[in-house]
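Taking it in order: structure first as C-alpha cells, then the write-up.
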Amino acid sequence: MANDDLIVDGEKILERLIEDEMRESFMDYSMSVIVQRALPDVRDGLKPVHRRILFAMSGLGLTPGRAYKKCATVVGEVLGKYHPHGDSAVYDALVRMVQDFSLRYPLVDGQGNFGSIDGDRAAAYRYTEARLTAPAVELLEDIDKDTVRFAPNFDARLEEPTVLPARIPNLLVNGSSGIAVGMATNIPPHNLREVVTATKALIEDKELSEEDLFEMVKGPDFPTGGFICGTDGIESAYREGRGRVVMRARTLIEETDTGADRIIVTEIPFMVNKSRLIEQTAQLVRDKKIFEIRDIRDESDRDGLRIVIELKRDTIPAVVLNKLFKHTQMQSSFGANLLALVDGEPRVLSLRKILEHFIEHRHTVVVRRTTFDLNKAEEREHVLEGLKIAVDNIDKVIKIIRGSADSLKASEALQESFKLSERQTKAILDMRLSRLTGLELEKLNTELKEVQENIQGLRKILEDKEVRMGIISEELTHIAEKYGDDRRSEIIGGAGSLVEEDLIADEEMVITFSHQGYLKRTEIDTYRSQRRGGRGLKGMGTKDEDWVEHVFSASAHQYLMIFTRSGKCHWLKVWQIPSAKRHSRGKSIVNLLNIDPSDEIASVVPVREFAEDQYLMFCTRSGRTKKTPLSAYGNVRSVGLNAITINEGDELIDVRITGGSNEVILATRNGKAIRFSEDDVRCMGRATRGVKGIGLKGDDKVKGIVVVDKLTYVLSASDNHKIFYL
C-alpha cells in the first residue's frame with residue numbers, strides 16, 4: 001500500500017484535483033444526455049425512449065388491427081424492461097407520437113385525449129389507450145431476423161435493439177427536436193414521397209448533384225400545413241445542416257353581408273399554439289397596435305382549423321395581414337439544425353449525408369436479413385434432404401428403429417448407416433407415418449425444390465450489390481405508394497413587404513370606378529355572357545349623384561396607375577382593391593390611397609411592368625398633349641408623384657398607353673377632331689407641360705383621346721344620341 005493513500009473507516013480514499021473530477025464527471029453526463037436522451041440516430045430517426053416504446057408495444061402485440069391497450073400498460077412495460085427514467089418522460093414521448101399536428105406521419109394510434117393544438121395536455125395514461133400505426137410497423141419490420149444489433153438493457157436481464165431496421169427514412173420524414181448539453185437538434189418533417197424519390201435517385205446515381213436533390217426534396221412539409229416563404233433558408237439547411245425556414249399561416253379573405261371584410265386563418269405555422277396565437281392577437285387589439293380588427297373568434301371543429309378575424313369597414317385586409325405577420329406567430333421561423341448521431345457521435349449533416357447514411361443502414365439490414373433467411377433455408381434444405389433419404393430407404397429405416405433399444409440408439413444407428421447429421425435423424429424420428437403417403441412424398445420433393453431455388457436467389461442477392469440496391473429501391477417505392485400523400489406546406493416567394501401577393505392567384509378581375517371615386521374588384525366569372533336582347537346585369541350600386549365612369553378587366557397582380565385631374569399619379573395593385581359583390585358600391589379611393597379628397601380621378605391605366613418600349617400619352621382639357629416613357633413612372637411611391645404639370649385653369653382628362661408608332665385622335669366638345677402620328681410628339685420628362693395637340697376656338701374643350709393603329713375603326717357617340725363609325 002502506498003504511503004500517500006488515506007484510509008478512513010477501512011476504505012481507501014484517493015486524492016484528486018476537484019477540477020479534474022468535475023471535468024470528467026460533466027463529460028460523462030454530457031455524453032449520456034447526448035447519446036441516451038436528446039439526439040436521434042441518423043439511421044432510424046429515433047431517440048432511445050421512442051425506440052423503446054415502439055419495441056415494447058411490438059412485444060405486447062399492439063399492431064394495427066389488434067385491440068388497443070391502456071397506455072399505463074405500455075408505460076409500465078417500457079419502464080420495467082428498458083427505460084431507466086421517469087414515467088412522465090415515457091408518456092410524454094408516446095403522446096407526441098400520437099399527435100398528428102406534431103408528427104407528419106404519426107407512429108402511435110391513440111384512443112382518448114392526447115392533447116390538442118391549443119396546448120391542452122393529454123389525459124393521464126390510465127385513461128388513454130394506444131397501439132402502433134402501420135408506418136411504425138415498417139420501422140420494426142424484420143427486427144426478428146438479426147437485422148440490427150441488440151444490447152443488454154439497464155439491468156442486463158433482457159436485450160433491446162440499438163437501432164430499428166427502419167424501412168422509412170424517419171429522420172427526415174418525421175423530423176426531430178431535442179436539447180442536449182452544449183448542442184441541440186431541430187430537424188423539420190418532410191414529405192414521404194419527395195424523400196423517397198430523392199433516396200431512389202441517390203441509389204441510382206451516387207454522384208447526383210445537390211441541385212437535383214433540391215428539385216426532388218422541395219423543402220420541409222409541416223403537419224400543420226401553411227406556407228414556407230423563400231428557399232434560401234431551406235438550401236442553407238440542406239447544404240450546411242443549418243438554416244432558417246420562415247413559416248406563415250394560410251389565410252383567405254371573405255366579404256361579409258355588411259360589406260366589411262374578414263380574414264379566415266385555416267392553417268398555422270408548425271408548433272404554434274392556436275389559443276396563444278388568438279390571445280396574442282387580441283392583446284394587440286387591446287394595446288391599439290392593430291386597430292382595424294373588430295372581433296376575433298375560434299370556429300375550429302373536427303373538420304379543421306378556422307380562426308375568423310372580423311375587420312372594420314374600409315379596412316385593407318392586406319395591411320392587417322402584414323401587421324399580423326409582423327407582430328404575431330402567424331409568421332414564425334423554424335431554425336433547422338440537422339444534428340444527429342452517426343456511430344454514436346453527434347454530427348451536423350447535409351441532406352445528402354442523411355440520405356447516404358439511411359441507404360447504408362438499409363443495405364446493412366438487407367445483407368443481415370438475407371444472411372438470416374439463407375441460414376434458415378439451408379437448415380431446412382438439410383432437414384429435407386435427410387427426410388428424403390429416409391423415405392427412399394424407409395424399410396431399412398424402420399428396421400433400424402425397431403431394432404434399437406431407445407431413441408438415442410436409433411439416432412446413432414441412423415447416422416452411421418446413412419451418414420446423417422443429428423438434426424436430420426431427429427427430424428426422421430419425429431416424422432409422422434402420414435408423411436409416407438404418395439401425396440406427402442410429392443409435397444416433400446416440391447418443398448425441397450422450392451427451398452433450393454430460394455437458396456440460389458438469396459445467394460445471388462448476397463453476391464451482387466446492385467441487386468441489393470434494387471431491393472432497397474423497390475421497398476421504398478412500396479412505402480411511398482402505401483403511405484405517401486400530397487404536400488401540405490406550400491412554398492412561396494420570400495417574405496417581403498407585399499408577400500400577400502404571393503398568396504393570391506393571378507386571375508382576371510373586373511375593376512369598376514365611379515365618378516365620385518368608389519372602386520371595387522369582382523371576379524370575372526360573376527358576369528355571364530348574354531345575347532343581343534339581354535337586359536344585362538347590375539354591375540355596381542351608386543348614389544343618385546354618382547355613376548360608373550371606368551370599367552375594365554385586369555389581372556390580380558397588375559398595377560393600376562391612377563391619374564388625377566391635377567396631374568398626380570398613384571399606384572395600386574389590383575389585388576389590393578377590396579373585393580366586393582356585383583351590386584356593391586365598393587370603397588372610396590381616398591381610403592386606399594393618399595389622394596386629396598377634392599381631387600378627381602381622370603384616368604386609370606393597368607400595367608404589369610414599366611417597359612422601356614412603351615409610352616404614356618397625356619391629354620388635358622385645353623388640348624395639350626405629352627408623351628413620356630412608361631419606365632419613368634416605375635418608381636412606385638406611397639405618396640404618389642407629379643405625372644404632368646398642369647397650367648392654371650386646365651385639368652388632365654385622360655392618359656393612354658402607346659407602343660411608339662400609334663396614331664392619336666383628339667376630339668372636342670364642338671365636334672372637332674384631329675389625328676396625328678405619335679412620332680410628331682417628342683418624348684418629355686415627368687415634370688413638363690407637354691405641347692399643343694389641337695387648337696380650340698371660343699369655349700370649346702377637348703372631350704377625349706384615342707390611341708389607334710392605322711387600320712383601326714373608331715366608333716363615336718354624341719350627346720344627341722347620334723353614332724358615327726369611321
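So the values come out like this:
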{"quantity": "Per-region count, the range 653-687, residues hydroxyl-bearing (Ser, Thr, Tyr) and either within 54 Å of the chain's Cα centre (by Cα) or not assigned by TED's automatic domain parsing to the domain that holds Val714 (or both)", "calculated": "2"}
{"quantity": "Residue that is free of Cβ contacts under 8 Å to residues at least 12 places away in the same chain, under 32 Å from the mean Cα position of the chain (by Cα) and part of a loop (DSSP other than H, G, I, E, B), where the choices are Arg121, Arg96", "calculated": "Arg121"}
{"quantity": "Selection count, the range 307-332, where residues are surrounded by 15 or more Cβ atoms within 10 Å (Cβ to Cβ) and either free of Cβ contacts under 8 Å to residues at least 24 places away in the same chain or of a type outside the set (Val, Ile, Thr) (or both)", "calculated": "15"}
{"quantity": "Meets criteria (exposed (fewer than 15 other Cβ atoms within 10 Å of the Cβ) and touching a Ser or Thr at 6+ places or on another chain (Cβ under 9 Å)) for Lys396", "calculated": "yes"}
{"quantity": "Only listed residue being at pLDDT below 90 and β-branched (Val, Ile, Thr), chosen from Val98, Val33", "calculated": "Val33"}
{"quantity": "Filtered residues of the range 232-248 (kept if part of a strand (DSSP E or B) and either touching a helix residue (DSSP H, G or I) at 6+ places or on another chain (Cβ under 7 Å) or of a type in the set (Gly, Ala, Ser) (or both))", "calculated": "Arg242, Gly243, Arg244, Val245, Val246, Arg248"}
{"quantity": "Residue match in the range 205-223 (condition: among the basic types (Lys, Arg), closer than 30 Å to Leu321 by Cα and buried (at least 21 other Cβ atoms within 10 Å of the Cβ))", "calculated": "no"}
{"quantity": "Cβ-Cβ under 6 Å pairs, at least 6 apart or on other chains, the range 362-389 side in the same structural domain as Met469 (by TED's automatic domain parsing), far side among the aromatic types (Phe, Trp, Tyr) and part of a helix (DSSP H, G or I)", "calculated": "Ile389/Phe418"}
{"quantity": "Filtered residue count, the range 176-204, keeping only those that are in a helix (DSSP H, G or I) and surrounded by fewer than 16 Cβ atoms within 10 Å (Cβ to Cβ)", "calculated": "1"}
{"quantity": "Complete set of residues in the range 62-121 that are over 22 Å from Asn191 (Cα atoms) and polar (S, T, N, Q)", "calculated": "Thr63, Thr73, Ser88, Gln111, Asn113, Ser116"}
{"quantity": "Residue match in the range 445-461 (condition: among the charged types (D, E, K, R) and crowded, with 16+ Cβ neighbours inside 10 Å)", "calculated": "no"}
{"quantity": "Flag if Thr128 is farther than 21 Å from Val78 by Cβ, β-branched (Val, Ile, Thr), touching a helix residue (DSSP H, G or I) at 6+ places or on another chain (Cβ under 9 Å) and crowded, with 22+ Cβ neighbours inside 10 Å", "calculated": "no"}
{"quantity": "Test for His557: is it under 44 Å from the mean Cα position of the chain (by Cα), at pLDDT below 85 and exposed (fewer than 15 other Cβ atoms within 10 Å of the Cβ)", "calculated": "no"}
{"quantity": "Pairs with Cβ under 7 Å, 6+ apart, first in the range 703-715 and over 13 Å from Gly623 (Cα atoms) and among the charged types (D, E, K, R), second at pLDDT 80 or above and surrounded by 15 or more Cβ atoms within 10 Å (Cβ to Cβ)", "calculated": "Asp709/Asn662; Asp709/Glu663; Lys710/Glu663"}
{"quantity": "The one condition in (1) among the aliphatic types (A, V, I, L, M); (2) more than 19 Å from Glu475 (Cα to Cα); (3) over 26 Å from the mean Cα position of the chain (by Cα) that Ile187 fails to fulfil", "calculated": "(3)"}
{"quantity": "Lone qualifier among Phe418, Phe358 - being over 25 Å from Ile461 (Cα atoms), of a type in the set (Phe, Trp, Tyr) and surrounded by 15 or more Cβ atoms within 10 Å (Cβ to Cβ)", "calculated": "Phe418"}
{"quantity": "Qualifying residue in the range 45-64 (condition: modelled with pLDDT of 80 or more and more than 29 Å from Ala156 (Cα to Cα))", "calculated": "yes"}
{"quantity": "Test: Ile228 is of a type outside the set (S, T, N, Q), under 22 Å from Leu171 (Cβ atoms) and assigned to a strand (DSSP E or B)", "calculated": "yes"}
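The values are calculated or read from the model by the stated rules, or taken from the named source; none is laboratory data. All values reported here derive from a predicted model rather than from experimental measurement. FYI the Cβ positions are ideal-geometry reconstructions off the backbone, even for glycines, and counts take in every protein chain you see.
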